[in-house]
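The next block holds one structure in the form of structure tokens; read it before the comments.
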Amino acid sequence: MDELKEQVAEYVKKKTERGKGLNTMRDIVNSLKQYERREVRKAVQGLIEDDVLAYWSSGSTTYIRLAGYEPGQEGLTDGKGLTDD
């Protein structure tokens, strides 16, 4: 599970660096096709509990983002999501 968490976190970090800081669960699951959807969802939830990722809602869609990232901003507010701890 730890390896999967690392892959999920790395995927979200790379997407954020490329300018797409908001990802749907579908985006993440589709990027990790070698794992089952349920495993990926558990890894995402674990990263949210560890304050690496966070949910963000537009009102109609729920997205997953790095903790500290807010849509429309340059970079992260507190850098939590970019640590390699």
(request) Please give the number of the condition residue 64 fails out of (1) in contact (Cβ under 8 Å) with a residue 12 or more places away in the chain; (2) part of a loop (DSSP other than H, G, I, E, B). (result) (2)
(message) Can you pull out every residue in region 1-54 that is touching a residue at least 24 places away in the same chain (Cβ under 8 Å) and basic (Lys, Arg)?
(response) 5, 13, 42
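Matching residues to (1) surrounded by 13 or more Cβ atoms within 10 Å (Cβ to Cβ); (2) modelled with pLDDT of 95 or more; (3) small (Gly, Ala, Ser); (4) assigned to a helix (DSSP H, G or I):
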{"site": "15", "(1), (2), (3), (4)": "yes, no, no, yes"}
{"site": "21", "(1), (2), (3), (4)": "yes, no, yes, no"}
{"site": "30", "(1), (2), (3), (4)": "no, yes, no, yes"}
{"site": "40", "(1), (2), (3), (4)": "yes, yes, no, yes"}
{"site": "46", "(1), (2), (3), (4)": "yes, yes, yes, yes"}
{"site": "59", "(1), (2), (3), (4)": "no, no, yes, no"}
{"site": "73", "(1), (2), (3), (4)": "no, no, no, no"}
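The values are calculated or read from the model by the stated rules, or taken from the named source; none is laboratory data. These numbers were taken from a predicted model, which means no experiment stands behind them. Virtual Cβ from ideal backbone geometry, glycine too; neighbours counted across all protein chains shown.
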